[in-house]
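Worksheet: the structure to be examined is printed underneath.
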């Protein structure tokens with residue numbers, strides 16, 4: 001009973017009697033130390049009976065097993081969602097309360113989860129832990145690496161239920177689906193325009209504010225978005241990256257290529273409102 005009393009007393013005193021022999025960490029309980037040591041040894045004694053996964057702690061196995069059984073005992077009191085473990089419920093509740101306990105030490109941003117803060121901090125530090133094994137690119141987040149790897153493998157697991165298009169990431173599918181549904185959730189606060197994507201609203205807002213953060217390195221011109229800067233820079237470099245698939249002509253802008261392609265397809269989408277004539281371009285390039 002003495003060991004149990006010692007363990008319990010440590011909660012009140014903050015004393016951490018149990019030192020890890022592999023690193024500098026110490027703990028109030030022998031059990032917590034035991035669980036921690038498995039990080040160093042790689043031991044995972046708790047095996048899932050439904051799949052080949054194994055865990056360092058019994059609690060982790062218990063939570064994992066619920067993925068197979070579908071059991072979600074932790075119910076949100078503010079909505080109808082329920083979760084497999086207490087920790088996930090805690091994180092979810094912050095969506096309702098607006099609580100963001102994890103504050104960035106480099107800027108004023110704060111987050112609902114410590115993992116999100118960790119990922120964000122790498123923007124400031126420039127640390128890119130996740131290296132692509134197929135090229136020299138590296139990333140701040142494992143998820144971004146996962147999405148990037150699909151460029152190499154050609155895997156597109158996110159399938160549109162309205163058409164035959166599929167996407168490498170969930171976000172791409174969400175944005176695409178709005179073309180079918182007509183949903184434009186991002187509303188401009190300066191005018192009545194709304195957009196399917198947050199980034200499109202951000203770029204559009206700059207036309208109201210006059211903000212042009214993309215500066216040309218060749219002249220004093222600046223632009224509201226990276227795409228406009230790229231198009232402009234090609235005037236200086238002479239680069240024509242947009243190649244016509246029907247002939248040997250190439251262009252500095254995608255828009256110019258689009259208009260040119262209509263010569264081959266005989267498409268004339270711009271109709272005169274005064275007569276029956278139609279044209280390949282809206283105005284002179």
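Projecting label points 7 angstrom from Cα along Cα→Cβ for residue 15 and residue 108 puts them 4.6 nm apart. Dividing the mean sequence gap of close Cα pairs (under 8 Å, 6+ apart) by how many residues the chain holds gives a relative contact order of 4 percent. Which of rounded, prolate or oblate describes region 184-285 when judged by the alpha-carbon gyration tensor and an a/c cut-off of 1.5? Oblate is the answer for region 184-285, as a/c is 1.5 or above yet b/c matches or exceeds a/b. Computed over the chain, the range of Cα coordinates on each principal axis works out to 96, 44, 42 Å, biggest value leading. Build a GNM of the chain with springs between Cα atoms under 10 Å apart, and of 127, 15, 155 the one that fluctuates most is 15.
Here, each number is a calculation from the coordinates, and none is a lab measurement. Fair warning: this is a prediction, and the values are worked out from it, not measured in the lab. When we count neighbours, we look across all protein chains shown, and the Cβ atoms used for this are built from the backbone with ideal geometry, even at glycine.
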